[in-house]
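Here is the structure we will look at.
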Amino acid sequence: MESQWNLLKEVNTGKSNEIEALAYASMDSPWFSGHFPGEPILPGIALVHMAEQAIQQHADNRGEQVQIYALKRIRFVQPVRPGETISINISSEEVGEEILFSFKATNKEDIVCSGVIIAKKIRKDK
């Protein structure tokens with residue numbers, strides 16, 4: 001069931017503190033169901049969800065686990081319509097126990113959403 005909600009098509013996690021992802025807002029995505037009839041737009045939570053998925057995949061690729069617990073300065077600038085491709089760029093910075101993931105989602109050159117996702121590393125008990 002999760003796969004129908006997943007819009008990510010590609011996640012590049014080559015650098016330790018940078019993540020690049022591509023997503024496609026398919027016309028038949030359940031995200032558009034009822035949002036809004038006759039004028040479908042991708043809900044803002046879907047954009048934040050894409051950034052969160054990219055962060056989790058980045059952590060998995062590094063053999064780490066992170067727990068997201070806060071969002072800051074989330075801005076929804078322009079709507080995303082069915083059929084559009086979204087680029088998501090994320091940079092991370094460790095500040096004490098927190099990891100600040102600053103993200104920007106763009107459609108072509110236009111920013112559609114930006115913000116900061118705050119997480120902590122989950123320590124594995126041995």
With within 16 Å of Ser26 (Cα to Cα) and surrounded by fewer than 19 Cβ atoms within 10 Å (Cβ to Cβ) as the only criterion, which of Glu64, Glu94, Glu84 stands out? Glu84
Filtered residues of the range 42-84 (kept if closer than 15 Å to Ala119 by Cα and of a type in the set (Gly, Ala, Ser)): Ala51, Ala54, Ala59, Ala70
Can we say Phe103 is modelled with pLDDT of 90 or more, of a type outside the set (D, E, K, R) and within 20 Å of Lys9 (Cβ to Cβ)? yes
Working only within the range 1-39, note down all residues that are over 20 Å from Ser92 (Cα atoms) and either of a type in the set (Ser, Thr, Tyr) or assigned to a helix (DSSP H, G or I) (or both). Glu2, Ser3, Gln4, Trp5, Tyr24, Ser26, Ser29, Pro30, Trp31, Phe32, Ser33
Check off (1) aliphatic (A, V, I, L, M); (2) assigned to a helix (DSSP H, G or I); (3) loosely packed, with under 12 Cβ neighbours inside 10 Å for Met50 and give me the number that stays unchecked. (3)
Is there any pair linking a residue in the range 35-64 that is under 27 Å from Gly14 (Cα atoms) to one that is assigned to a helix (DSSP H, G or I) and of a type in the set (Val, Ile, Thr), with Cβ under 9 Å and at least six apart or on different chains, and which? none
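Being closer than 19 Å to Asp110 by Cβ and either of a type outside the set (Asp, Glu) or touching a Leu at 6+ places or on another chain (Cβ under 7 Å) (or both) is true for just one of Ile41, Ile45. Which residue is that? Reasoning before the result, please.
Working: Ile45 fails: closer than 19 Å to Asp110 by Cβ.
Only one candidate passes the filter, namely Ile41.
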Out of the range 1-32, which residues are surrounded by fewer than 17 Cβ atoms within 10 Å (Cβ to Cβ) and small (Gly, Ala, Ser)? Ser3, Gly14, Ser16, Ser26
Determine which single condition Val11 fails, assuming it passes every other condition in (1) out of contact with any helix residue (DSSP H, G or I) (no Cβ under 9 Å at 6 or more places or on another chain); (2) touching a residue at least 24 places away in the same chain (Cβ under 8 Å); (3) under 17 Å from Thr85 (Cβ atoms). (1)
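The values are calculated or read from the model by the stated rules, or taken from the named source; none is laboratory data. Because the structure is a prediction, the values reported are computed rather than measured. Positions of Cβ are backbone-derived with ideal geometry, glycine not excepted, and every protein chain shown enters the neighbour counts.
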